[in-house]
Amino acid sequence: MSLRRRTMLGRVAAAGLVVGAPGVARAQSTVKLTAIAGHPPVFLWVKLMEEFFIPEVDKRLADGNTGVKIEWTRAWGGTLAKLGTEIEAIRDGIGDIGFISTVFQAAHMPLQNVSYMTPFGAPDIATVTAVVEKLQAGIPSMEQAYARNKLRFLGGSALDDYHIFTTFPVKSIDDLKGRKIMAPGPSANWINGTGAVAVASSLPEYYNNIKTGVADGVLTFVTGAVPIKLQEVAPHLTLASFGAMFAGALVINSTRFGRLPPAAQKVFAEVGAEYTRRFAAEQTTRAVSGLKAMEGAGLKVAELAPAERLRWAKALPNVAQKWAADLDAKGQPGKAVLKGYMDGLKAAGVKVPRDWSVE
């Protein structure tokens, strides 16, 4: 072998580019990615990005000899994108990957909000997430909501079962008449027909609004109520089980994703699926432990009688039908998504008090 040939091979080997040579690592390229979220890491959907998704991606990229190393920049708590603007930020390249709150971005993701239009659904986080993910995979318009915003879906999350926290005991919907109940966004529809008055608000405002008399209660989930010590101002919790709600997704800019080598793309997709599973399990655990902690701090918990829950469900106007019809008129498959969601819940064994798709 000539000296020139030996020298060339030596340089290639030193760079780790000898394909198929045992024990020789592939050349590594560094990819810079900025991860964003409107919420701080105290919220599980961000905490899991920080403590599981990012380190697990790094580990699998290294273990799989993919030739890719990620240099991460973390921008949590709205430092680069405020809550409700994450889609635009990732779409426009301000961030590369992050958590989008679909519940706050109905203009971009209307079909993903189907669970909020169908109260008294499944209390189980994993069930709701699985049904929505199956719809996303089977209904092109749902996937296209990501694609047209230059996003690639990696994993989903649902909030734990919604209930009602109040300053007074609730044994029937008659107890709500004339009461001011905070019901943000589409959840305001859940009290129409009960005689209660919906008050627009958000999680950081719940405590003070009840304390100052702006509202008498709120529709919310246990893991949201725990950190703000809601039981101090709303000591009555009625387990009405409006259902777990699909609320957001872990996504990556589709252009950035497309530039990753296939082996790295596979890692991101697999870790995203695991993120979905871990989120459902840990959020469920947090809801159970959080409820026990709040009870220990003085929260009085009562379960709404099944007959009264059915009465409540039947008292509501069928906003889901109007929501679906409005989307159909805009060229979106609202009715197909509504039917698919209700059928998905029933196929999973959920006993719904009202099928919003058939009325």
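The values are calculated or read from the model by the stated rules, or taken from the named source; none is laboratory data. Being a predicted model, the structure only gives us computed values, none of them experimental. In this analysis, Cβ positions are derived from the backbone assuming ideal geometry, glycine residues included, and neighbour counts consider all displayed protein chains. These area figures cover heavy atoms from the full protein model, side chains too; ligands, DNA and RNA do not enter into them. Shrake-Rupley method; radii C 1.70, N 1.55, O 1.52, S 1.80 Å.
Worth pointing out:
- Region 112-199 - percent of accessible surface contributed by carbon and sulfur, probe 1.4 Å: 53
- If you take the Cα centroid of region 192-231 and the Cα centroid of region 71-88, the two points sit 26 Å apart.
- Normalised by the number of residues in region 192-323, the average gap of Cα pairs under 8 Å and 6 or more apart makes the relative contact order 43 percent.
- Cα gyration tensor shape of region 246-359, rounded if a/c is under 1.5, else prolate or oblate by comparing a/b with b/c: oblate
- The magnitude of the dipole of region 45-201, with charges of +1 and -1 set on the Cβ of Lys/Arg and Asp/Glu and taken from the Cα centre, is near 360 debye.
- Think of each Lys and Arg Cβ as +1 and each Asp and Glu Cβ as -1; about the Cα centre, that makes the dipole of the chain roughly 1140 debye.
- For the chain, no complete DSSP H run has alpha carbons reaching 30 Å or more along its own long axis together with a mean Kyte-Doolittle score of 0.5 or higher.
- Qualifying aspartates and glutamates (Cα of each under 19 Å from Cα of residue 69; at least 8 residues distant if same chain): 50, 51, 56, 58, 96, 270
- Amide hydrogen proximity for residue 68: with H placed 1.01 Å from N in the peptide plane, the residues at 5 or more positions away or on another chain lying under 5 Å are 29.
- For the chain, averaging the sequence separation of C-alpha pairs within contact (under 8 Å, six or more residues apart) and dividing by the residue count gives a relative contact order of 21 percent.
- Dipole of the chain, positive direction: furthest Cα of 41, 341, 147, with charges on the beta-carbon: 147
- In the context of the full protein assembly, residue 39 retains an accessible surface of approximately 30 Å², using a probe radius of 1.4 Å and ignoring ligands and nucleic acids.
- Two-site FRET efficiency, residue 315 against residue 106, from Cβ-Cβ distance with R₀ of 22 Å, rounded to 0.05: 0.35
- Calculated accessible area for the chain comes out at 44 Å² per residue, all protein chains present (probe 1.4 Å; ligands, DNA, RNA ignored).
- Set of lysines with alpha-carbon distance to residue 171 below 24 Å, sequence-local pairs under 8 removed: 180, 211, 229, 292, 300, 314, 351
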